[in-house]
Amino acid sequence: MAFFRAIPSLPLFPSDEDRKFSHVALETIHQEVQTDHSSQVYVSRDIFTQSDIDALYESSKPAHSESERKRRIPKISCTGKRVFNLVFYFLPIVTVLKNYWHDFRSKIIGDFMSGISVACLHFPQGLAYGLLASLTPVEGLYSSFFPILFYTIFGTSQHMSFATDSVIAILTAEVIDTQVKNDFLSSFNSSAAYSKTQLLNYRIVVSSACTFVCGSVLVVMGIFRLGFLTTFQSKSFIGGFTTAAAFHIFCSQIHKALGIEIPLVKGIGKLILTFRYIFEDIRSTNLASLIVVILCVTFIVFIKDFINERYKKKLRVPVPADLLTIIIATIISTYTNLETKYDIEVVGSIPVGIPDPAMPDLNMYLNVFPECFQMALLIFFLSIAMAKVCAEQNEYEINDNKELMAYGLTNVGCSFFPCFPASVSPPRNMILSSMGARTTLNGIFTTCIMLLVLYVLGQLFAQLPVPALAAMIFVSVKPLLLQVRCLPQLYRVNVYDMIIWIATCSSGILLDLPYGLIVGIGVSFITVVIQSQKTDAEVKYRTNDHIFLKKEHQPHISVSSKVVVFQMCSALYFATSERFRKTIYESTVNPLKMKYKPETVIEVKFSYSSSTDTFTSESQKSNRTSQASDLDGPLKVIIIDCSAVTYIDIQGVNTLSVVFEEYRRAGIIVYLAACTPYMWNCLKKSDFFNVVSRERVFFELEDAFYAAHQSIVEIR
């Protein structure tokens, strides 16, 4: 372990000539001395103010000529190179194809195996999440095919399986059910009847509009390069919201598992009313449907939590529990005729092929925009977070803005087909990562399997029981529901994170998901404000070991009591400036309670001696042994350590000026040390130096301490 001891060697405030010609002031003398416990490094240099550093270094920067400044201005032109760069930016697949022939064998094997494996999860999830989104299973299959195809073209993450997701499906269902209740049903009077086909077509129109609006929002965000917004996402907020969404998803499938019908519920207290209707009609439960759900849940949990987890090191590919479930359930349903004998709802016929593209309904956009804007942000936050996890695990980087654009263009393209908004699904991403996907072209192999399903295999699953899909949804949201186990850790690390999690989750469950978003964002903002008012502030003293510590940390080490260092780990702006002023007065001395006593400032002249490792002054050579005692007594100098002040506004600058002035009236000198570049620039541009000398702002904490030390000795 080593420590650094600053040794002033030249005048406290060196002249311009000294700065220009004395390179000795910038040299360091490293002298390692072996002691009982450590090595010691002695550093000899001038005391520097921040102005000294500016004069020494910034003045040496070469000035840019007029021609250089003109070259820095971007030119707007359309050249072949710019066109190709634009194509490569919006179509990353061009770059992928260009570089695919390098190590072709390993890339094609990795992409083929991972693409085929993840398709086995897309098919059952598409069927289940289509129902979850208040549509039919076939729309879920379309939403598992088109997003993969478009993301392969526009995407950049080789481990992103961008298609259906349970959270986005339930949010889409919220929007669809709202529009059905407020628009579609209101257009029919009590005597008019409507067919199921009309209702389904209307639901598809709403889902396509939602997809287009979500995609448009994401594209606009990508154009304005708002990918940096990922830095503002709070894991506690996302965790609380996804847990509330998982609870909604779970509850939305209960009546399907019981085989009963309940009225459409929407608005505040939705889940409470849902459970009320379920309990009112619980005597009509279809026992056969309930048995199917129990058996399917048991089978899926056994494979996922026992076989796949216990033998995951031996299994190259996890056993596809969901796919096996729908195959076995379809076979049993076909040969036992569950639909006719036990009145169990089945998927029904699945259309062959893919639908023709159609323009989304423009009249629907304004109606769904508020909910879809929130959904678009959630798609981005959830997807980019998962993409970064996979990129970190596989040691490559992704571009936030390119991914943002890819999510937007994918959803815009899908809006011309019967799809609902696409997002990430962590299990699928983990399969791609574990199977060694090498490029985004793994999506080509996935889409080939999905095409085979849509054209050939889809009709084989017409007798698939809907309760089996409900069972798959129950199991799929289990990891999200188990996020509640993170609360003890959140409490230990940061209680504010726990508050955000609980507020977001509880409001999303008790009120509704849109209100959960609003409450979560509001509570996050409030906690930030509260934390800014409760940041740590401490007073430090310099010990005989040449380090700065709280006195209570080292009670047996003698310290200088005439010079103290005050530090508050917070930005200094309108919300914290008054607390800064009160805290420094309470932690040191309150100048408002002291009698007026003008401060005395003495400019100390130093002389350098290369044969010693300490510093001397003209009036101090004969009494060096008494310096330690000279530093004991009433407080004379306060050094404000500004190394943690990352931001300051005009009110913070004014507060600093007031603190300097009030301590000056009490006869106490105040120095600033280690200002951040932002803070130093703000001080220079403000009126701060009209009332405070620039020589009171030092480059490092050691500089300020030795300047204060010498001032006190000379005053004595």
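Residue by residue through the stretch 77-134, note down the ones that are aromatic (Phe, Trp, Tyr) and under 30 Å from residue 300 (Cβ atoms). Once the filter is applied, which keeps residues that are aromatic (Phe, Trp, Tyr) and under 30 Å from residue 300 (Cβ atoms), the stretch 77-134 yields 112, 123, 129. Do you know which residues across the stretch 697-708 are part of a helix (DSSP H, G or I) and within 39 Å of the chain's Cα centre (by Cα)? Across the stretch 697-708, the qualifying residues are 701, 702, 703, 704. Residue 354 fulfils the conditions (1) open to solvent by 60 Å² or more (accessible area, probe 1.4 Å); (2) out of contact with any helix residue (DSSP H, G or I) (no Cβ under 7 Å at 6 or more places or on another chain) except for a single criterion, (2).
When the residues of the stretch 423-440 are filtered to those that are of a type in the set (A, V, I, L, M) and in a helix (DSSP H, G or I), the one that is least open to solvent (accessible area, probe 1.4 Å) is 432. Cβ-Cβ contacts under 6 Å between residues 6 or more apart (or on different chains), taken from a first residue in the stretch 241-263 that is closer than 23 Å to residue 342 by Cα to a second residue that is open to solvent by 10 Å² or more (accessible area, probe 1.4 Å) and of a type in the set (Asp, Glu), are listed as 260/281. Which of the residues spanning the stretch 642-660 are open to solvent by 10 Å² or more (accessible area, probe 1.4 Å) and part of a helix (DSSP H, G or I)? Scanning the stretch 642-660 gives 650, 651, 654, 655, 657, 658, 660. Total residues in the stretch 253-287 satisfying the condition of being among the β-branched types (Val, Ile, Thr) and not in a helix (DSSP H, G or I): the figure is 5. For the stretch 661-690: of the residues being touching an Asp or Glu at 6+ places or on another chain (Cβ under 7 Å) and among the hydrophobic types (A, V, I, L, M, F, W, C), which is surrounded by the fewest Cβ atoms within 10 Å (Cβ to Cβ)? Looking at residues that are touching an Asp or Glu at 6+ places or on another chain (Cβ under 7 Å) and among the hydrophobic types (A, V, I, L, M, F, W, C), I get 668.
For the residues 322, 343, 361, the requirement of being within 41 Å of the chain's Cα centre (by Cα), open to solvent by 50 Å² or more (accessible area, probe 1.4 Å) and not hydrophobic (A, V, I, L, M, F, W, C) singles out 361. Listed by first and then second residue, the pairs with beta-carbon distance under 6 Å, at least 6 apart or on different chains, first residue in the stretch 305-332 and under 28 Å from residue 458 (Cβ atoms), second β-branched (Val, Ile, Thr) and not in a loop (DSSP other than H, G, I, E, B), are 319/303; 319/307; 321/300; 321/303; 325/300.
Out of the residues in the stretch 382-414 that are in contact with a Gly (Cβ under 6 Å, 6 or more places away or on another chain) and under 26 Å from residue 358 (Cβ atoms), which is most open to solvent (accessible area, probe 1.4 Å)? Checking each candidate, the answer is 412.
Taking the condition open to solvent by less than 10 Å² (accessible area, probe 1.4 Å), outside any helix (DSSP H, G or I) and either touching a residue at least 24 places away in the same chain (Cβ under 8 Å) or closer than 23 Å to residue 210 by Cβ (or both), does residue 420 pass? Don't jump to the end; show me each part of the working.
Values: open to solvent by less than 10 Å² (accessible area, probe 1.4 Å): yes; outside any helix (DSSP H, G or I): yes; either touching a residue at least 24 places away in the same chain (Cβ under 8 Å) or closer than 23 Å to residue 210 by Cβ (or both): yes.
Spelling it out, residue 420 is indeed open to solvent by less than 10 Å² (accessible area, probe 1.4 Å), outside any helix (DSSP H, G or I) and either touching a residue at least 24 places away in the same chain (Cβ under 8 Å) or closer than 23 Å to residue 210 by Cβ (or both).
On the given criteria, is residue 317 of a type outside the set (S, T, N, Q), open to solvent by 60 Å² or more (accessible area, probe 1.4 Å) and under 33 Å from the mean Cα position of the chain (by Cα)? So residue 317 fails the test. Modelled with pLDDT under 95 and of a type in the set (Phe, Trp, Tyr): is that true of residue 365 in this structure? Yes.
Select from the stretch 567-608 the residues that are at pLDDT below 85 and not in a loop (DSSP other than H, G, I, E, B) and write down the one among them that is surrounded by the most Cβ atoms within 10 Å (Cβ to Cβ). Steps first, please.
Taking the stretch 567-608 first, the residues at pLDDT below 85 are 594-608.
With the extra rule that they be not in a loop (DSSP other than H, G, I, E, B), the set shrinks to 606-607.
Working: 606: 21, 607: 12.
Per the stated criteria, the residue is 606.
Give, as residue ranges, the helices (runs of 4 or more DSSP H) completely inside the stretch 100-200 that count at least 1 residues that are more than 30 Å from residue 367 (Cβ to Cβ) and either among the hydrophobic types (A, V, I, L, M, F, W, C) or in contact (Cβ under 8 Å) with a residue 24 or more places away in the chain (or both).
Numbers: elements: 104-132, 137-154, 166-179.
The qualifying helices (runs of 4 or more DSSP H) are 104-132, 137-154.
The values are calculated or read from the model by the stated rules, or taken from the named source; none is laboratory data. Remember, it's a predicted structure, so these values are computed and weren't measured experimentally. No Cβ is skipped: glycine too gets one built from the backbone with ideal geometry, and neighbour counts run over all protein chains shown. Remember, those area values only see protein heavy atoms, side chains included, never the ligands or the DNA or RNA. Shrake-Rupley method; radii C 1.70, N 1.55, O 1.52, S 1.80 Å.
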